[in-house]
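Heads up: the structure comes next, in structure tokens.
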Amino acid sequence: MAAVLVVAVLVTAGWLVAFSSVLATREVTVTGNRILSSEDVRAAAQIPLGRPLARQDTDAIEARVAALRPVRSVQVTRSWPRTLVVTVHERAPVLAVAEPNGFVLVDAVGSAYLSVPTVPTGVVQAAVDPSNVPLLTDVGVTARALSPELAKKVRIIEASSSDGITLRLRDGDRVIWGSADDSALKAQVVGALLDRAASTYDVSAPHSPSLR
């Protein structure tokens, strides 16, 4: 009898969790989003309300939300008894690349993910092919190495190749950066040289910089 009772309890519990409407999904909560609206995330997630919470395919939901360009990563968790929580981690802009109607924002891994009318505060403008992910990544390394003071002096970062990165400063001077290698050191060297009388600062070899 005890065994029968245990089996009956387990079967009932399994039915309640997986098949009954008692623990069905009634609400979807979205957190962590700033660029995307909660409605946009819910629309992409395509979560069927009324389905038992235990039977929601969280992996499939995460894949659908991750397809949104501003999303860097996403986690979907169950909050019993009736809620699915979609936690979104959005991309952070590092560069802004000009396009016909404004600018496209690019994150640290070279992903162009959002069009905006103007360059946001603290984001460096870059003249780079927005489809060239490796080069965008290298330019992003350069931009992130700049101190806040140096970044304010940069009008635009130009790059035709991975070894051809150049900073164009707002006063008309330029900094020949070279590759993204040793960017932290190059930024320190530039900061120490900018008070010298020169129009071109070459830090492509940071241990032996030159001025002209």
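The values are calculated or read from the model by the stated rules, or taken from the named source; none is laboratory data. Computed from a prediction, not measured in an experiment: that's the story for all the values here. Quick reminder, even Gly has a Cβ in these numbers, built from the backbone with ideal geometry, and neighbours come from all protein chains shown.
If you go through segment 43-96 and keep only what is assigned to a strand (DSSP E or B) and among the basic types (Lys, Arg), you end up with ARG72, ARG78.
Give the residue, chosen from VAL175, VAL139, that is outside any helix (DSSP H, G or I) and buried (at least 18 other Cβ atoms within 10 Å of the Cβ). Can you show your working first?
On the way: VAL139 fails: outside any helix (DSSP H, G or I).
Step by step, each of VAL175, VAL139 is checked, and only VAL175 is outside any helix (DSSP H, G or I) and buried (at least 18 other Cβ atoms within 10 Å of the Cβ).
The residue that is surrounded by the most Cβ atoms within 10 Å (Cβ to Cβ), counting only those in segment 178-196 that are over 26 Å from the mean Cα position of the chain (by Cα) and either touching a residue at least 40 places away in the same chain (Cβ under 8 Å) or part of a loop (DSSP other than H, G, I, E, B) (or both), is VAL190.
Here GLU158 meets the list (1) of a type outside the set (Gly, Ala, Ser); (2) touching a residue at least 40 places away in the same chain (Cβ under 8 Å); (3) outside any helix (DSSP H, G or I) almost entirely, failing just condition (2).
Just to be sure before I move on: is GLY110 surrounded by fewer than 17 Cβ atoms within 10 Å (Cβ to Cβ), under 18 Å from the mean Cα position of the chain (by Cα), not hydrophobic (A, V, I, L, M, F, W, C) and not in a strand (DSSP E or B) in the structure I sent? Taking the combined requirement at face value, the residue does not satisfy it. The condition (being in contact with a Leu (Cβ under 8 Å, 6 or more places away or on another chain), at pLDDT 95 or above and not small (Gly, Ala, Ser)) is satisfied by just one residue among VAL85, VAL41: VAL41. For beta carbons closer than 6 Å, sequence separation of 6+ or different chains, a first residue in segment 197-212 that is closer than 14 Å to ALA187 by Cα and a second that is basic (Lys, Arg), the qualifying pairs are VAL203/LYS186; PRO206/LYS186. Of all residues in segment 63-91, those that are within 17 Å of ARG34 (Cα to Cα) have Cβ atoms under 7 Å from Cβ atoms of residues that are in a strand (DSSP E or B) and acidic (Asp, Glu), 6 or more apart or on another chain, in PRO70/GLU90; VAL71/GLU90; ARG72/GLU90.
The set of residues in segment 1-38 being outside any helix (DSSP H, G or I) and at pLDDT below 80 consists of MET1, PHE19, SER20, SER21, VAL22.
Report whether or not VAL106 is touching a residue at least 24 places away in the same chain (Cβ under 8 Å) and not basic (Lys, Arg). So VAL106 passes the test. Name every residue in segment 115-136 that is in a strand (DSSP E or B) and buried (at least 19 other Cβ atoms within 10 Å of the Cβ), in order of residue number. Result: VAL124, ALA126. All conditions but one from (1) in contact with a helix residue (DSSP H, G or I) (Cβ under 6 Å, 6 or more places away or on another chain); (2) hydroxyl-bearing (Ser, Thr, Tyr); (3) under 21 Å from PRO70 (Cβ atoms) apply to SER131; the one that does not is (1).
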